[in-house]
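Scroll down for the structure; my scribbles are underneath it.
The values are calculated or read from the model by the stated rules, or taken from the named source; none is laboratory data. Worth saying up front: this structure is predicted, and the values here are computed from it rather than measured. When we count neighbours, we look across all protein chains shown, and the Cβ atoms used for this are built from the backbone with ideal geometry, even at glycine. Remember, those area values only see protein heavy atoms, side chains included, never the ligands or the DNA or RNA. Shrake-Rupley method; radii C 1.70, N 1.55, O 1.52, S 1.80 Å.
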Amino acid sequence: MRESRTLCSLSILALLLLLLLQGINGDNPYRFYDWKVTYGDVYPLGVRQQAILINGQFPGPMIDCVTNDNLVISVHNYLNEPFLLSWNGLQNRRNSWQDGNFGTNCPIPPGKNFTYILQPKDQIGSFFYFPSLGLHKAAGGFGGIRILSRPRIPVPFPPPADDFTILAGDWFKRSHRQLTLILDSGHSLPFPDGLLINGRGWNGYTFTVDQGKTYRFRISNVGLTTSINFRIQGHKLKLVEVEGSHTVQTTYSSIDIHLGQSYSVLVTADQAPQDYYIVISSRFTSRVLTSTAILHYSYSWKQVSGPLPGGPTIQVDWSLYQARSIRTNLTASGPRPNPQGSYHYGMIEVSRTIVLANSAPYINGKQSYAVNSVSFIDGDTPLKLADYFNIPGVFTVGSMPTYPTWKPAYLQTAVMHADYRAFIEIVFQNWENSVQSWHIDGYAFFVVGMDGGQWSPSSRSSYNLRDAVARSTVQVYPSSWTAIYMALDNVGMWNIRSQDWARRHLGQQFYMRVYTPSKSWRDELPIPKNALLCGRARGRHTRPL
């Protein structure tokens, strides 16, 4: 018995030592997760489909944590194909080793496991995780992330009676393998078959509330191709948070949520006790898709009735006006006690301007998507590993143009160089007739401006340099531009991508290498001891314990 206790104590000590050496902060609590990734049958649209489940759940388990918690997530891959998880909106400070894209991580082979070690350093808010390889996201494998403020940090609204997460988005009856085959054969995806709310179709999910109380709803668009509008019959939505930023508390009747975006709203149950529709509908589509859940008042027996509340359909101006109205609450505390407005981004001199123009070219007779004429293709080795081990021929720093070239599109493993601690301006220019949604891993950026037409230096006169919202995913409307400011304070290899999964799969993405010659752990954590090695990094060594 004494030997067993000694071995157990030594095992725990060894694990804690490993976590410490991987850069995790021992002063903050640990949360351990053990996830089994499997296939399983689901019926979200009334027909049997094979989904990717985590611990038998679709969507996957919720991650509930507090700012600076240490998250130790052991992922066991029981699929018959490689698998990776990524963390939409988590910045992984100094630690792109854990980002979970193929540019940073080797996939988890079938029958193997990998332990992610994450820390939501100086972050609060609403986010989600998702499978990042191929079209796995079309089969599920996603789940919500809630990062709460530390107990002594004031939050700019009273504690809600409950905190609900809604993972919504479009859904296809075809399998992820069939969708991949369609894209890889040079064709566009078909129109989605429906919309889901928390993995279920029409009226498939119920949220129970008490009359007179206020509730928080965190809504994320986890779909593949479609913007959505969210609304609740007979109730107002008070916006309080967007992807980690407390906002000015504006009240809306409905909110547009573009691909990959997350919003938090407060909803007061101030209507007569009965059931009400929670509605999502597609935006900017030729045919409007709709799905519903139920807002159920406790101790009521009256079912939903009446027509669904109407929402916008193809109106761009309506969405643009709403987007411009979302502002940062300058007096509210973020993850730290100092007010969000104490960071005066509008007074910092921009050291570099980058313009990124998306396009939809055909390359070698197949539909592709590109940024500044470059259609991204994965290398044979994760870029972060190739960079660390100095493996030649995987990618070239500077292979991603800073401005549109207007040259014929071509395939390239594109990496853009960026200097650590630079303060940059990025302009997303969209000349296509569809809404674009852009995400940058590792960062939150300030959305300083958006408008129609061609961006030019004179467009800066319309920038919001005082209370622009900071977020990680932003939309660009058809024939329009969106401008952001971003402080490059996070060393690593970071994915910049379209959140439209078909466009990302066929090339509308690249990586930004934020570089410093410093080898200090204060700037970047070392390669994890348990890092998986593949491609031309196979057979090499990470580092001694």
*Hey, among Phe130, Phe83, which residue is aromatic (Phe, Trp, Tyr) and either closer than 21 Å to Gly535 by Cβ or open to solvent by 30 Å² or more (accessible area, probe 1.4 Å) (or both)?*
Phe83
*Would you check if there is a residue in the range 292-300 being in a loop (DSSP other than H, G, I, E, B) and in contact (Cβ under 8 Å) with a residue 40 or more places away in the chain?*
yes
*What number of residues in the range 453-477 are under 17 Å from Leu320 (Cα atoms) and either at pLDDT below 95 or open to solvent by 40 Å² or more (accessible area, probe 1.4 Å) (or both)?*
2
*So Gly186 clears everything in (1) at pLDDT 95 or above; (2) touching a Ser or Thr at 6+ places or on another chain (Cβ under 9 Å); (3) open to solvent by less than 40 Å² (accessible area, probe 1.4 Å) except one condition, right? Which one?*
(1)
*What are the residue pairs meeting all of these: first residue in the range 353-382, first residue under 23 Å from Thr482 (Cβ atoms) and aromatic (Phe, Trp, Tyr), second residue open to solvent by 10 Å² or more (accessible area, probe 1.4 Å) and modelled with pLDDT of 95 or more, Cβ atoms under 6 Å, and 6 or more apart or on different chains?*
Tyr369/Ala360; Tyr369/Arg503; Tyr369/Leu506; Phe376/Gln509
_strands (runs of 3 or more DSSP E) completely within the range 332-441 that count 3 or more residues being farther than 30 Å from Ile153 by Cβ and open to solvent by 10 Å² or more (accessible area, probe 1.4 Å)_ = 352-359, 410-412
*Ile117 is checked against (1) touching a helix residue (DSSP H, G or I) at 6+ places or on another chain (Cβ under 7 Å); (2) part of a loop (DSSP other than H, G, I, E, B); (3) over 30 Å from Leu45 (Cα atoms) and fails just one. What number does that condition carry?*
(2)
_Looking at Asn101, Asn92 in this structure, which one is more than 22 Å from Trp521 (Cβ to Cβ), under 17 Å from the mean Cα position of the chain (by Cα) and not in a strand (DSSP E or B)?_
Asn101
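Select from the range 54-66 the residues that are part of a strand (DSSP E or B) and open to solvent by less than 20 Å² (accessible area, probe 1.4 Å) and list them in ascending order.
Ile54, Ile63, Cys65
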*Filter the range 427-473 for residues that are out of contact with any strand residue (DSSP E or B) (no Cβ under 8 Å at 6 or more places or on another chain), of a type in the set (Gly, Ala, Ser) and in contact (Cβ under 8 Å) with a residue 12 or more places away in the chain and give the result.*
Ser434
_Only one of Ala138, Ala161, Ala168 that is among the small types (Gly, Ala, Ser), surrounded by fewer than 16 Cβ atoms within 10 Å (Cβ to Cβ) and within 26 Å of Ser291 (Cβ to Cβ)_ = Ala161
*Got at least one residue in the range 353-375 being touching an Asp or Glu at 6+ places or on another chain (Cβ under 8 Å) and closer than 16 Å to Thr247 by Cα?*
no
